[in-house]
Structure formats: C-alpha cells, structure tokens
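The values are calculated or read from the model by the stated rules, or taken from the named source; none is laboratory data. Quantities reported herein were computed from a predicted structural model and do not represent experimental measurements. In this analysis, Cβ positions are derived from the backbone assuming ideal geometry, glycine residues included, and neighbour counts consider all displayed protein chains. Accessible surface is based on the protein model in full, side chains and every heavy atom, while ligands, DNA and RNA are left aside. Shrake-Rupley method; radii C 1.70, N 1.55, O 1.52, S 1.80 Å.
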Amino acid sequence: MSNIALPCEQGLSITHTANSLALGSELDTTLSGTSLLKMNSQQQKQVLAQCSLAKSYQLIAPLSVKQRKVLRAAISEDIYADLTIALSQTEPVIAVMSGGYSMPLVDGMVVGDVLALLQTQNYTHSSCFLTDSDGQYLGVLELARLAGEDHSSSIASLMQRVPAYHVSLDQEQAVTLLSQSSIDCLPLIDSYGRPVGFFNSQQAISVMQREQTEDVEKMMGIQADALGGTYLETSVFSHISKRIYWILGLAVVGITSGMVIQSYDDAIMALTILALYMPMVADTGGNSGSQAATVIVRALALGELKLSQWLHVLWKELRISLFIGACLGLLTASKVYLLSYGIELPENLTFSLVAFAIGLALFLQVISATVIGAALPLMAQVLKQDPAVVASPAITTLVDITGLLIYFYVTTSILLS
C-alpha cells in the first residue's frame, strides 16, 4: 500500500479532507477506546463521526479484537477500511505520525491566498498539502518557499510533487523512505488518496531509537520490554525476566559442547596440546559468526540487501572467510610450531604435523562460522522473524558446537589415524 492514490469517491469535498486531517482536538483529550465502549451506540457514532482516521486509530488500536467488533457499526465505511489495513500491520506509521495538518490548499490558489489563511489560522507546521478539488493529494508546499514570492504567483508552481504513502506503511520502511526523500517529511494518505498527515524527522528519530534498542536487546538475548522504561525505572525482577530465558535456553544447548568434548576425551588424554587450543577455536568461531551476522542484519535493516540476493551474499562471505581463515590458520600453525616447546608428543608425531592439523581445523572453523553467521539472518527473514534474534549470543552458542566438532574431527583424523 505504498505510493498510492486511489480514485476518490463521488461526493467527497475539500471540507471532508479538512475534517480527515483534524485529529479531533475538540474532543476530550482523556477520551479512550475503553470509555467509548461504555457509551451507547448512538453516542459512539456521534463521537467517532468527529474523529479523523488518525484519531480513530488512536482509540481503536489499544482494544482487543472482540472490543473492536463492538465499535464496528459506529465507524464509517471509509475510515473502517483504512483502519483494517493499518491494524493488520505490526508497526504502522499512523501510530507515530504527526497530525493536525488541517489547512489543505487547493490547486488554483495563489500565494496571497495562503498568506491570508496563515494569518487567520494557528498553523505551526513547516509544510502543508496541496490537493485537487476532490481533496486528493497532489503534492507538498514548504511554507518557507513563499518568502519573496509575488502574491499573485500560483502555489502549484512552488509545490513539490513527492510520492505519498499509505498510513499502514511500516515504520522502519518509512524511516528509510524519509532518508531518501527530497524534503524533510513523508506525506501520508488514506486509500482514497486524501492527505492524513506527515511523518517527519522527529518521529523518525523516535522510531530509530526504539528499533535500535529492540535490536540490541534481541542480539544480546534480552526479551523486549513492552513498557519501555529506562534502566533505573525497570525493577530487578523485570530485568531478570527479560534476560533469564535466553540464558537458560543457551545454557541447555551449551551442554552439547560438553558432550562433544566428552566424546573425544581419549584424544585429549593422548594429545593434551589439543586442549590448549580449544578456547581459541571456540572464540574465533563465535567472533567470525557474530561479525558476519551483524553485517548482514545491518544490510537488511537498511534495505541494502534483498532475500533474492542470498546466493550472492553467501558467495561473498565465503570468499571473505577463506582469506580470514587462511590468515588465522597460518598464524595459529606458526604459533604451535614455534612456541610449543616443553610439550611432549607421542613418538610418531611432530610439531609440524600438529601445527598443520590445528591450523587447518581453525581455517575450516572460520569458514563454517562465517557462512552460518551470514545465512541465519537470511533464514530468519524468510521465516518472517527479526534477523536480530539470530545474532550473538545465539549464534555464538551454535558455532561453538560446530567448531568443536570440526576441531576434534580434523585433528584426530590427521594425528590419530
């Protein structure tokens, strides 16, 4: 529902558009969806008839599906259609947009007409909509452009024809579109092409702060907080409940790492040098996987990647991991060969062979961890999940297990065959 302007219904006028832009400030500011439910059906219709689409959303959105059905008959058909679309989205931009743009300008007006309107209205915004005679969106007029213009100049010549988007647009997508816009606000319309409000930089900053907090919490295995309180405002118990589920879950999964080590205890007894490099293998794999996941999550969030490009992404990360893995493998092999004096080896083994085995295992671990780290965010996107949930510490636990399996399989196959 983006960049749309559907045909306007017959009989809609500029008066209707002005009403649709008003946020219902004349209504009691304490009015809520719950208080609406306490009214009779006639009172509900009278109140909702005064509400714009944005105000209607504010009242209806917090209610349950069952409660919304109670108010269905009191909502006009055109408002209800847009409400249904917006409510079907998780985070529609209508929930955070700026309203109160109740001064739509009609095509054909001149600069003098606009200046006269500004003197009679308490209009505090920097931009306003330009509509046709049916109230449909045509473009945006930045009021600063009126300075120095002849009063007889047509405002259509000063208008900027920027795309408008439906109020159900996702908030993160709205931030991306605003960053690409030629003006500092994003025009929002309803299904009939009528202006509803603007999404501006102030709302964009708020959305970005919230999304960043959510992504960081998900990446660190912390449950989202619906109340969104500050650190000191959040109780100790709330902090515990937000953190403990992932920690316990990953601890259970981490038991698998212990089982892998236990299954190779004979090899560790025979070659104690293998135990010395286990932490390095686990840490290197976790770091490589987390780096790849972070890069892909960021690219997906900024719209730099599409799911259709998954093969190109994996091929690129594979080439990156080959180079990084080769560097780390050579460094580790050199360290084993040159700095492992004082460690006893079985008579049939040499430090050069041990260095080769450990270096090769680390090389393969970096490759597998990087590819896994790049693939998991893409898989999460396919499953309609937030890609951030697969990042650290979840990915660290996973690559720890795969890393130990690779490490012991490679080293034992070479050294104990």
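For region 274-286, a residue qualifies if it is surrounded by fewer than 19 Cβ atoms within 10 Å (Cβ to Cβ) and not small (Gly, Ala, Ser), and the qualifying residues are LEU276, MET278, PRO279, MET280, ASP283. Of the residues that make up region 315-333, is at least one more than 22 Å from THR396 (Cβ to Cβ), among the β-branched types (Val, Ile, Thr) and touching a Phe, Trp or Tyr at 6+ places or on another chain (Cβ under 8 Å)? No: zero hits. For region 70-92, a residue qualifies if it is in a helix (DSSP H, G or I) and under 29 Å from GLN385 (Cα atoms), and the qualifying residues are TYR80, ALA81, ASP82, LEU83, THR84, ILE85, ALA86, LEU87. How many residues does region 144-168 hold that are of a type in the set (A, V, I, L, M) and either under 23 Å from ASP190 (Cα atoms) or touching an Asp or Glu at 6+ places or on another chain (Cβ under 6 Å) (or both)? The total comes to 5.
Yes or no, residue by residue, for (1) open to solvent by 70 Å² or more (accessible area, probe 1.4 Å); (2) within 29 Å of PHE408 (Cα to Cα); (3) modelled with pLDDT under 85; (4) assigned to a loop (DSSP other than H, G, I, E, B):
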residue	(1), (2), (3), (4)
PHE199	no, no, no, no
ARG210	yes, no, yes, no
THR213	yes, no, yes, no
LYS218	no, no, yes, no
ALA226	yes, no, yes, yes
HIS239	no, no, yes, no
GLY249	no, yes, yes, no
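What residue, among those in region 343-365 that are among the aliphatic types (A, V, I, L, M) and free of Cβ contacts under 8 Å to residues at least 60 places away in the same chain, is nearest to ALA293 (Cα to Cα)? So the residue we want is LEU364. Here ARG145 fulfils each of the conditions (1) of a type outside the set (Ser, Thr, Tyr); (2) without any contact (Cβ under 8 Å) to a residue 40 or more places away in the chain; (3) surrounded by 16 or more Cβ atoms within 10 Å (Cβ to Cβ) apart from (3). Assessment of region 175-185 against the conditions (farther than 30 Å from LEU300 by Cβ and either of a type in the set (A, V, I, L, M, F, W, C) or touching a Cys at 6+ places or on another chain (Cβ under 8 Å) (or both)) yields no matching residue. Applying the condition of being part of a loop (DSSP other than H, G, I, E, B) and closer than 24 Å to SER56 by Cα to region 93-120 and asking which residue is modelled with the highest pLDDT yields VAL96.
Among the residues of region 104-113, is there at least one that is under 21 Å from PRO195 (Cβ atoms), open to solvent by less than 40 Å² (accessible area, probe 1.4 Å) and among the charged types (D, E, K, R)? The answer is no, given that none of the residues of region 104-113 is under 21 Å from PRO195 (Cβ atoms), open to solvent by less than 40 Å² (accessible area, probe 1.4 Å) and among the charged types (D, E, K, R).
Filtering SER334, SER340, SER368 for residues that are surrounded by fewer than 18 Cβ atoms within 10 Å (Cβ to Cβ), of a type in the set (Gly, Ala, Ser) and in contact (Cβ under 8 Å) with a residue 40 or more places away in the chain leaves a single hit, SER340. Scanning region 40-59 for residues that are exposed (fewer than 15 other Cβ atoms within 10 Å of the Cβ) and assigned to a loop (DSSP other than H, G, I, E, B) turns up ASN40, GLN50.
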